[in-house]
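First comes the structure, then the notes that go with it.
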Amino acid sequence: MYLSTFEARYLSETIKLVEKMIEELWDSERGAFFQAKESSELILRNKEIYDGAVPSGNSVAAYVLYLLYRITGDTRYQKYANETLNSFAKEIKAIKSAHSFALLVQDLLFSEPIDIVIASRDKKEIDRFLEQMRKNIQKYAGACKN
């Protein structure tokens, strides 16, 4: 929601949830996230990286951690994202087609993103600029279809 609205409350809530995820599900010995928190009732705490029609929890966790790193600049999130993917490196390398979302996140972590800041005291001016950008993108996308 934060990326759609830029309301700080959504970012704050996301950070709280991610911190809880790290606290309760992070495997500090081998990296990555368990699917369930520790419990005496569990025989085995499983970790998954297979990306089928639905991406794995660890791939999505790595993606969210990457986004938080990019938004906040907190390198802890980048470290957790990298360690999550690195803990499954053998599996990912062996069958790349079964780990498409994990590979997308890995590509994002390796890339050098460019940040663009659009600033004005006049919100209407920003809205006009963004509307023109959207029109140009749609025009370009339509040309690519042909």
- Going down the table (Lys20/Lys93; Lys16/Lys123; Lys20/Lys47; Lys16/Lys79; Lys37/Lys79), which pairs top 26 Å between alpha carbons? Lys20/Lys93; Lys16/Lys123
- Furthest towards positive pole of dipole, Asn58, Ala36, Thr84, structure part the range 32-93, Cβ charges: Thr84
- How much net charge surrounds Phe129 when only other residues with a Cβ under 15 Å from its Cβ are counted (Lys, Arg +1; Asp, Glu -1)? +2
- Task: Per DSSP H run of at least 4 residues, take -39500 (n - 2.57); add these up for the chain, divide by its residues and hand me the 222 nm value, nearest 500 deg cm²/dmol.
- Result: -19500 deg cm²/dmol
- Mind pulling the angle between the C-alpha long axis of helix 8-25 and the longest principal axis of the chain? Nearest 10 degrees, somewhere in 0 to 90. 20
- Note on the structure: Taking R0 as 25 Å and r as the Cβ-Cβ distance between Ala119 and Ala98, the FRET efficiency 1/(1 + (r/R0)^6), rounded to the nearest 0.05, comes to 0.05
- Task: Provide, in order from the shortest bin, the percent of all Cα-Cα pairs of the chain in each 5 Å bin, continuing until the bin that contains the maximum pair distance.
- Result: 2, 8, 14, 16, 16, 15, 11, 8, 5, 3, 1, 1
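Each value in this text was obtained by applying a stated rule to the coordinates, not by laboratory testing. Just so you know, these numbers come straight off a predicted model, no measurement behind them. Heads up, the Cβs are rebuilt from the backbone with ideal geometry, glycines too, and the neighbour counts pull from every protein chain shown.
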